[in-house]
1. Since Ala117 meets every condition but one in (1) surrounded by 20 or more Cβ atoms within 10 Å (Cβ to Cβ); (2) within 24 Å of Trp9 (Cα to Cα), which condition does it not meet?
2. Considering the stretch 91-114 alone, what residues qualify as being out of contact with any Leu (no Cβ under 8 Å at 6 or more places or on another chain) and of a type in the set (A, V, I, L, M)?
3. With the condition being under 24 Å from Ser450 (Cβ atoms) and under 19 Å from the mean Cα position of the chain (by Cα), I'd like the helices (runs of 4 or more DSSP H) fully within the stretch 1-97 carrying at least 1 qualifying residues.
4. Based on what the data block shows, is Ile403 without any contact (Cβ under 8 Å) to a residue 60 or more places away in the chain, under 22 Å from the mean Cα position of the chain (by Cα), more than 16 Å from the ligand (Cβ to nearest atom) and buried (at least 16 other Cβ atoms within 10 Å of the Cβ)?
5. Does any residue in the stretch 271-287 that is closer than 13 Å to Arg145 by Cβ come within less than 6 Å, Cβ to Cβ, of a residue that is modelled with pLDDT of 95 or more and buried (at least 16 other Cβ atoms within 10 Å of the Cβ) six or more places away or on a different chain, and which pairs are these?
6. For the stretch 1-26, give me each residue that is touching a Phe, Trp or Tyr at 6+ places or on another chain (Cβ under 9 Å) and farther than 29 Å from Lys395 by Cα.
7. Search the stretch 129-148 for residues being within 16 Å of the ligand (Cβ to nearest atom) and of a type outside the set (Asp, Glu), and hand back the single one that is nearest to Gly224 (Cα to Cα).
Amino acid sequence: MGFPKDFMWGGATAANQCEGAYLTDGKGLSTADVMLASKHGVPREITDGIDRNSFYPSHQAVDHYHRYKEDIALFAEMGFKCYRLSIAWSRIFPNGDDHEPNEEGLRHYEEVFKTCAEYGIEPMVTLSHFETPLGLLKYGSWANRKVVDFFLRYCRTVFTRYKGIVRYWLTFNEINVMSTKPWMAGGIVVEDEQTTMAAAFHQFLASAKAVQIAHEIDSDNKVGMMYNGHVAYPASPDPEDMQATLDFTHKMLFYCDVQCRGYYPNHKLKEFERKGIMIPMQEGDAEDLRAGTVDFISFSYYMTHTVGKKTDMNFQGLNGVKTGYKNPHLATSEWGWAIDPMGLRYLLNLLFDRYQLPLMIVENGLGAIDKVEEDGTIKDSYRIEYLRDHILAMKKAIDIDGIPVMGYTMWGPIDIIAASTGEMKKRYGFIHVDVDDEGNGTHNRTKKESFYWYKKVIESNGENLTW
Ligand code: BG6
């Protein structure tokens with residue numbers, strides 16, 4: 001009973017949300033660097049190049065680029081076994097299509113991974129987390145097959161350079177976000193379905209080829225897919241609501257079908273046929289998709305959705321997918337995300353029943369506004385409660401349902417900028433960073449109450465969840 005001995009406890013970040021240093025050491029611009037911040041739920045504006053008079057959250061973020069040693073030391077103090085982070089592709093290939101990699105970028109991540117190793121922390125690296133080199137936009141980004149080769153050049157470079165230091169890789173963060181926010185998922189500006197589905201196909205192909213290359217370079221490499229975990233409940237037992245729920249689930253889960261089974265599900269092929277959507281498959285691609293299925297499934301889990309016949313299946317949104325229904329049984333976060341720990345157990349079961357692959361929760365957490373008390377402390381019991389309840393649900397999935405869960409990296413162990421809004425005040429961390437929505441502050445790090453709680457959780461391998 002309980003969590004496996006080698007359970008990978010830890011935390012997860014993304015380069016563009018924490019590093020800052022957006023042009024340091026030869027880095028090129030990425031799609032994340034031209035996104036402005038927005039307020040509560042309003043989509044972030046994308047500018048054409050850099051507007052000198054505007055504030056871009058990714059440009060300094062929380063300065064993890066320069067402070068990673070201090071941050072990883074704090075993660076180690078909590079007992080992290082795993083740190084999920086992403087490499088900014090534009091640090092390695094500043095324009096995306098360069099012939100030679102940027103040595104300074106490669107050296108930086110080498111130092112980061114070495115620092116992890118000093119503490120016995122296993123890095124898990126996302127190759128593409130919501131940022132594509134801006135230089136690839138002239139090709140139409142992921143809508144163009146050429147980008148597959150540029151991506152594979154980058155993959156080969158980092159797989160070779162970090163051989164033996166990094167064993168766990170994730171190809172595309174929340175690949176299914178291509179259906180909801182194509183700009184974030186792959187720098188796609190034209191949002192018609194023909195374009196987004198072609199871009200998704202190119203990412204499937206790139207991922208499948210990357211899996212094969214990773215195995216070729218080092219047979220110890222394990223490569224996972226990364227799914228934005230969506231659970232949909234029907235608004236009522238009305239068969240039409242049930243059908244809408246199935247449609248919603250299909251729309252999201254087909255990304256897992258392709259990456260885990262190696263081919264498109266029938267319902268998707270039929271839908272493409274009806275809509276006249278062409279998947280730009282070439283000879284040999286079908287074989288590549290099958291040969292490059294993933295070793296494990298990683299996913300993010302924040303909330304569940306309620307779906308019914310009113311749901312517009314052409315929804316736009318990231319986690320804030322708009323379904324037109326609110327679940328009366330669930331409380332919501334300050335950003336309106338339905339809090340549902342039981343849904344995590346449900347999703348773990350659903351994914352394992354369907355694919356029989358090991359699972360890893362690589363994102364889960366509560367974005368909340370924290371108050372710094374006069375004595376400097378932060379009493380974030382709401383965050384502890386959220387995480388405790390989700391960890392308990394995960395424990396049930398392991399103990400009662402026998403689901404093989406490899407690990408749990410909560411989202412944003414240190415405060416970072418929010419992906420959906422670019423806000424700093426939407427905080428997830430155990431570690432507070434003194435910086436506000438406009439980038440003002442000392443960037444000093446302080447431990448919140450949840451820091452000490454998570455330390456106990458890891459020390460007891462998930463047995464002691466009390467506060
Ligand atoms: C996931 C992303 O969708 O949700 C992260 O992979 C993101 O990058 C996280 O930060 C939480 O969303 P937000 O908008 O609260 O940062």
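1. If we test Ala117 against (1) surrounded by 20 or more Cβ atoms within 10 Å (Cβ to Cβ); (2) within 24 Å of Trp9 (Cα to Cα), just (1) comes out false.
2. Leu106
3. Of the helices (runs of 4 or more DSSP H) lying wholly inside the stretch 1-97, those with at least 1 residues that are under 24 Å from Ser450 (Cβ atoms) and under 19 Å from the mean Cα position of the chain (by Cα) span 15-18, 64-78.
4. Criteria met by Ile403.
5. Final answer for the pair search is Ile279/Phe201; Pro280/Ala198; Asp285/Leu205.
6. Correct list: Ala15, Asn16, Gln17, Cys18, Glu19, Gly20, Ala21, Tyr22, Thr24, Asp25.
7. Out of the qualifying residues, it is His129.
For (1) within 16 Å of the ligand (Cβ to nearest atom); (2) modelled with pLDDT of 95 or more, each residue gets a yes or a no:
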| residue | (1), (2) |
| --- | --- |
| Phe7 | no, yes |
| Thr13 | yes, yes |
| Ser30 | yes, yes |
| Ser38 | yes, no |
| Asp51 | no, no |
| Ser58 | yes, yes |
| Ala61 | yes, yes |
| His64 | yes, yes |
| Ala73 | no, yes |
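The values are calculated or read from the model by the stated rules, or taken from the named source; none is laboratory data. This structure is a prediction, so every number in the text was calculated from the model and none was measured. Virtual Cβ from ideal backbone geometry, glycine too; neighbours counted across all protein chains shown.
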